[in-house]
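The values are calculated or read from the model by the stated rules, or taken from the named source; none is laboratory data. Computed from a prediction, not measured in an experiment: that's the story for all the values here. With ideal geometry, Cβ positions are generated from the backbone for all residues, glycine too; neighbour counts draw on all protein chains shown.
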Amino acid sequence: MTKIVHAQTVLPENVLEELKKKTGETATKDAIAKAVEHYLICPYTHQEPLEKRLEEVIKKKQKKE
């Protein structure tokens, strides 16, 4: 049996509304659950952010010059 826990967070209203739009859910708990599930299974969420990778490429190019 899966253990279920209650989790809370504080979000600005506009962020919550955007999350609901992106997930296609109207209920807050469903939108957050869908977003968390996506985060856990999406292969791109566990990579370094694009900005960090770009910084590394720029630094390497600057060292070569």
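All told, V5 meets the bar of being among the hydrophobic types (A, V, I, L, M, F, W, C) and loosely packed, with under 10 Cβ neighbours inside 10 Å. Scan the stretch 4-27 and give yes if some residue there is of a type in the set (A, V, I, L, M, F, W, C) and touching a residue at least 12 places away in the same chain (Cβ under 8 Å), otherwise no. The answer is yes, given that some residue of the stretch 4-27 is of a type in the set (A, V, I, L, M, F, W, C) and touching a residue at least 12 places away in the same chain (Cβ under 8 Å). Of everything in the stretch 33-65 that's at pLDDT below 80 and hydroxyl-bearing (S, T, Y), which residue is nearest to the chain's Cα centre (by Cα)? Here the answer is T45. Name the single residue, out of those in the stretch 20-37 being in a helix (DSSP H, G or I) and among the polar types (S, T, N, Q), that is surrounded by the fewest Cβ atoms within 10 Å (Cβ to Cβ). Only one residue tops the list, namely T28. In this structure, E17 does not qualify as exposed (fewer than 10 other Cβ atoms within 10 Å of the Cβ), among the charged types (D, E, K, R), more than 13 Å from the chain's Cα centre (by Cα) and part of a helix (DSSP H, G or I).
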